[in-house]
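Quick notes on the structure that follows.
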Amino acid sequence: MSNTNIDRETLRELADEGNETALDRLADIADAAGDLGELSELLDEGSMHAGFLLTRRAVATGDLRELQRISDAGYDEAGNELDRLLKAPADGPQD
């Protein structure tokens, strides 16, 4: 069995060389650590996986502004989720 305990420095080097799988792995590590700042940086670097992870978190908390920011950063699904939440009927009776 191969060693799957790859250090972050190696992942960062690979990601900087354009390896998308390494970028995704860094996003998974940041997500597991709850490091939203790093996830945002990875999204800014073009990681769509980081966009997915950030979108999932923003939907769970109903953070519309964060969904807009993620969408503006290039992850289109965040815009779709934002539209879905904005179009959802409001809770409770309307007067």
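At a glance:
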read-out: Among residues of segment 5-27, those that are surrounded by fewer than 13 Cβ atoms within 10 Å (Cβ to Cβ) and under 11 Å from His49 (Cβ atoms), counted; value: 1
read-out: Tally, over segment 57-71, of residues that are over 17 Å from Glu38 (Cα atoms) and open to solvent by 50 Å² or more (accessible area, probe 1.4 Å); value: 6
read-out: Only listed residue being open to solvent by less than 80 Å² (accessible area, probe 1.4 Å), in contact with a Phe, Trp or Tyr (Cβ under 7 Å, 6 or more places away or on another chain), assigned to a helix (DSSP H, G or I) and not β-branched (Val, Ile, Thr), chosen from Leu39, Leu54, Leu85, Leu43; value: Leu43
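The values are calculated or read from the model by the stated rules, or taken from the named source; none is laboratory data. Keep in mind that what you see is a predicted model, and the values were worked out from it rather than measured. Virtual Cβ from ideal backbone geometry, glycine too; neighbours counted across all protein chains shown. Surface areas here come from the heavy atoms of the whole protein model, side chains and all, with no ligands, DNA or RNA. Shrake-Rupley method; radii C 1.70, N 1.55, O 1.52, S 1.80 Å.
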